Amino acid sequence: MNELIVYAQDNTGKWDSNSVSFLVDSIPPASVTDLHNVSYATNYINWTWTDPEDSDFARVKVYLDGEYKEDVDKGAEYYNASGLVPGRYTIGTRTVDVNGTINATLVTNTSTSIMPAERYINGTVWIRSIDLLSQA
């Protein structure tokens, strides 16, 4: 925390000897951690993360392919990018504290909404080309 002292000046240019001081938080919150995709779809990607533990942490600014999308409030810990076409997308996040101080570190994750020809989900193999389910 930094101390900021404010002095008043009247309309004649005379400085008042009284002052007001207050503490200013210029330290941003830590970044999100464990940012990853938890979805397997062609038209959306659902990213989740763990919020920082800073007591003054307030929200996460979310960017998709470099374009600001929205703020996600503390505790939500996810962003769902919907209406996508199959492709590769990068989410970027910056944390913000209650005073509006923004962490300059951009935490990113690149994921795809392109389904692989063969997927393994809970021991089951799904083969896209013939839409056949078979046990692994």
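Restricted to segment 39-58, and to residues there that are open to solvent by 70 Å² or more (accessible area, probe 1.4 Å) and free of Cβ contacts under 8 Å to residues at least 40 places away in the same chain, the residue that is nearest to Thr110 (Cα to Cα) is Glu53.
Against the test of being open to solvent by 70 Å² or more (accessible area, probe 1.4 Å) and at pLDDT 95 or above, the options Thr108, Thr12 yield a single qualifying residue, Thr108. Among the residues of segment 59-76, those identified as open to solvent by 50 Å² or more (accessible area, probe 1.4 Å) and of a type outside the set (D, E, K, R) are Gly66, Tyr68, Gly75. Restricted to segment 56-73, and to residues that are in a strand (DSSP E or B) and touching a Ser or Thr at 6+ places or on another chain (Cβ under 8 Å), which residue is nearest to Thr112 (Cα to Cα)? Looking at the filtered set, the residue picked out is Leu64. With respect to (1) open to solvent by 40 Å² or more (accessible area, probe 1.4 Å); (2) at pLDDT 95 or above; (3) not small (Gly, Ala, Ser); (4) not in a strand (DSSP E or B), the lone exception for Val85 is condition (2). With respect to Pro29, is the statement that it is under 30 Å from Val125 (Cα atoms), of a type outside the set (Lys, Arg) and either surrounded by 11 or more Cβ atoms within 10 Å (Cβ to Cβ) or in contact (Cβ under 8 Å) with a residue 40 or more places away in the chain (or both) true? Taking the combined requirement at face value, the residue does not satisfy it.
The values are calculated or read from the model by the stated rules, or taken from the named source; none is laboratory data. Computed from a predicted structure; not experimentally measured. Every residue, glycine among them, receives a Cβ derived from its backbone with ideal geometry; neighbour counts consider all protein chains shown. Each accessible area value is taken on the protein alone, full model and side chains, heavy atoms only, with ligands, DNA and RNA left out. Shrake-Rupley method; radii C 1.70, N 1.55, O 1.52, S 1.80 Å.
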